[in-house]
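So the structure is just underneath, and the comments pick up after that.
No value in this document is a laboratory result; all are computed from the given coordinates. These numbers were taken from a predicted model, which means no experiment stands behind them. Heads up, the Cβs are rebuilt from the backbone with ideal geometry, glycines too, and the neighbour counts pull from every protein chain shown.
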Amino acid sequence: GKGADDAPHLILFPEVAYDEATFLERVKATVARVGYCVVVVSEGVRRPDGKFLAESEGSVDAFGHSQLGGVGPLVAATVKDR
């Protein structure tokens, strides 16, 4: 069976608002315990204000819907910077 320390360690779902401080704390704790941290992140993850984390400013498709993309590198850069 899957153990508590098996990857993925963190999964960011669209239904749960992304809290950067809490996320970074969980990454830090996982790395301290396991030595690394694997994160699965949905393109639909939103900030507490409801905006998509992956939303490019002003980037919309032909129907006026926000274009999403690149949330993985964005989250990775946040972890690296902190």
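Structure notes:
- Spatially proximal aspartates and glutamates relative to K28 (Cα-Cα < 18 Å; intrachain offsets below 8 disregarded): D5, D6, D19, E20, D81
- Additional length obtainable on full extension of the chain from D6 to V31, 0.36 nm per residue less Cα span: 7.8 nm
- Equivalent-ellipsoid semi-axes for the chain (Cα gyration tensor, √(5λ), whole Å, largest first): 27, 13, 11.
- Its Cα centre serving as origin, the chain has a Cβ charge dipole (Lys and Arg +1, Asp and Glu -1) of approximately 300 debye.
- A simple rule links phi to the HN-Hα coupling: the Karplus curve 6.51 cos²θ - 1.76 cosθ + 1.60 with θ = phi - 60°, which for the stretch 32-41 gives 5, 7, 9, x, 7, 9, 9, 10, 10, 10 Hz, with x for Gly and Pro.
- Potential extension, D81-E43 segment - 0.36 nm per residue separation minus Cα distance: 11.6 nm
- Most mobile listed residue (A54, A17, A62) in the chain, GNM with C-alpha springs under 10 Å: A62
- Angle of helix 71-81 to the longest C-alpha principal axis of the chain, folded into 0 to 90 degrees and rounded to 10: 50°.
- The chain, relative contact order in percent, only Cα pairs under 8 angstrom and at least six apart counted: 27 percent
- Per-residue ³J(HN,Hα) for the stretch 45-53, Karplus 6.51 cos²θ - 1.76 cosθ + 1.60, θ = phi - 60°, Hz, x for Gly and Pro: 5, 10, 6, x, 7, x, 6, 5, 4
- Extension gain, A17 to F63, is 14.0 nm, computed as 0.36 nm per intervening residue step minus the present C-alpha separation.
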